[in-house]
Amino acid sequence: MSGFKKREEALQMSSDIVISVENVSKIYRVFNKPSDRMLQMLVGERRQLYKEFWALRDISFEVRRGETIGVIGRNGSGKSTLLQILAGTVTPTKGYVTIDGKITALLELGAGFNPEFTGRENIFLNAAISGLNQEIVQGKFDSIAAFADIGEFLEQPVKTYSSGMYARLAFSVAIAFDPEILIVDEILSVGDVFFQARCMRKLDEFRENGGTVFFVTHDTYAVERICTRSIVLNHGNKVFEGGTADGVMVYYKMSREEVQVEDKLKSSNPTLSKSIDVTDRHSNLQGLRPIAIRRDHVVGDNSAYIENIYVMDERNEQRTHFETCEWMTVRMEVRFEKDFDLIDFGVGVRDKSGLLLGGAHSLYERKSIGPIRTGEVRILTAKIKLNLTPKEYLLIAGVARHDSLQVYQECYGLYDFCVINVMGDRKFWGEVCLEGMTQDESDQSLSIEVAPK
């Protein structure tokens with residue numbers, strides 16, 4: 001108890017520190033089967049029927065008033081566990097957490113909402129839980145409704161809401177009741193791009209007014225955009241704390257190294273690489289492993305089929321992490337189900353909002369291929385220079401027969417089949433590198449002709 005008082009006294013001496021985390025660890029007991037949990041209670045410590053899983057291990061840091069801290073790390077790194085401990089919903093196994101300020105947590109979609117209540121009723125319910133009276137809520141209601149922007153759904157039960165509507169209402173309520181510390185999990189990634197932009201502006205305003213934000217995300221752009229500092233977690237350990245750009249670089253480097261280790265393990269295990277039977281047909285793909293293709297969004301008339309896709313760099317090394325302005329090569333193994341005189345294909349890069357930023361397409365290069373015969377398998381290659389700002393992007397690919405730019409037959413199209421990471425220092429202004437130049441023309445010797453009136 002005396003140690004706790006000393007920590008509180010130290011926190012009061014540094015009044016700008018609103019979150020203090022000291023050597024926090026969280027250990028979970030993992031049982032092979034549910035009955036072992038009951039048996040463990042009976043045998044006590046005489047026999048251990050569980051394995052210990054360290055979700056967090058000796059984590060320490062301080063957060064000052066007005067800071068926005070972004071926590072990044074791969075899945076299973078302990079990010080959400082840390083947020084739950086800060087929110088008070090999970091108790092640490094070891095260590096201490098001290099919070100100085102009114103805290104609001106957005107940890108899960110719909111948390112704190114009664115699914116049978118309407119959006120309006122849930123606004124008043126959350127306010128009552130926070131100890132606010134009806135008059136204050138009534139005064140803020142219009143601004144909450146305007147920010148959420150879900151229209152007539154505000155009068156419908158929240159169990160009918162989409163995940164985006166949940167996120168809109170939850171954030172609107174949380175930010176409206178003047179928290180001093182806002183703890184946010186990934187839920188902001190659920191809303192559309194316009195709502196996310198509004199959230200970013202609101203968080204800027206919140207921080208400028210002295211509010212503190214602590215949030216978990218996989219969106220490295222958001223970390224660099226709104227955070228003053230970053231923390232990187234890996235397998236429950238804090239591996240970095242500092243500037244956002246450096247934190248993002250550590251995260252990408254760590255992710256790339258783990259992917260390389262996974263690739264080596266899979267390539268050394270014949271049972272994992274057994275599916276690469278199609279490479280027997282093409283010697284230039286021997287020894288390569290196709291990526292795991294997401295087929296959530298497929299379009300076309302099935303007159304062609306993209307069997308496999310390989311993503312690599314200029315040296316034909318397979319990876320999905322690239323430096324900004326580096327070349328990326330995408331090879332598609334395409335099987336055709338009918339004859340074509342001419343066919344076109346392309347690979348494009350989109351941002352998370354779905355905006356096509358560019359790519360490589362045979363039609364625009366006037367390199368249509370053909371003729372194609374039924375049952376034929378072709379290796380189609382696209383090379384793209386990634387003149388993009390460092391962050392995550394989605395790849396799309398497709399095969400089509402074109403009569404013109406506007407009139408075409410979609411044979412097979414894959415949208416958002418793979419995520420790539422672009423890393424490195426920013427080398428240009430904006431999201432995409434456009435050719436441009438600057439010049440100082442203030443030299444007095446320059447003469448400028450003026451047309452006579």
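A few points about this structure:
- Pairwise label distance in nanometres, Met200 with Gln40, each label 7 Å out on the Cα-Cβ vector: 4.4
- Each Lys and Arg Cβ is given +1 and each Asp and Glu Cβ -1; about its Cα centre, region 115-173 then shows a dipole of about 160 debye.
- Across region 20-29, rounded Karplus estimates of 3J(HN,Hα) from the backbone phi angles (6.51 cos²θ - 1.76 cosθ + 1.60, θ = phi - 60°) give 10, 10, 10, 6, 7, 10, 9, 10, 10, 8 Hz, Gly and Pro being marked x.
- Carbon and sulfur %, accessible surface of region 40-152 computed with the full protein complex present, 1.4 Å: 48
- Ratio Rg/Rh, restricted to region 361-420 and using Cα atoms, in which Rh is the Kirkwood radius: 1.00
- Label-point gap, in nm, between Arg335 and Thr381 - each point 7 angstrom along Cα→Cβ: 2.3
- The simple spin-label model puts a point 7 Å past each Cα toward its Cβ; for Val298 and Ser368 those points are separated by 2.6 nm.
- Highest mean packing comes first when the peptides 155-161, 323-329, 431-437 are listed by Cβ atoms within 10 Å, giving 323-329, 155-161, 431-437.
The values are calculated or read from the model by the stated rules, or taken from the named source; none is laboratory data. Values in this document were obtained by computation on a predicted structure and should not be read as measured data. As a convention, Cβ positions derive from the backbone with ideal geometry for all residues, glycine included, and neighbour counts pool all protein chains shown. Ligands, DNA and RNA are excluded from the accessible area calculation, which covers all protein heavy atoms including side chains. Shrake-Rupley method; radii C 1.70, N 1.55, O 1.52, S 1.80 Å.
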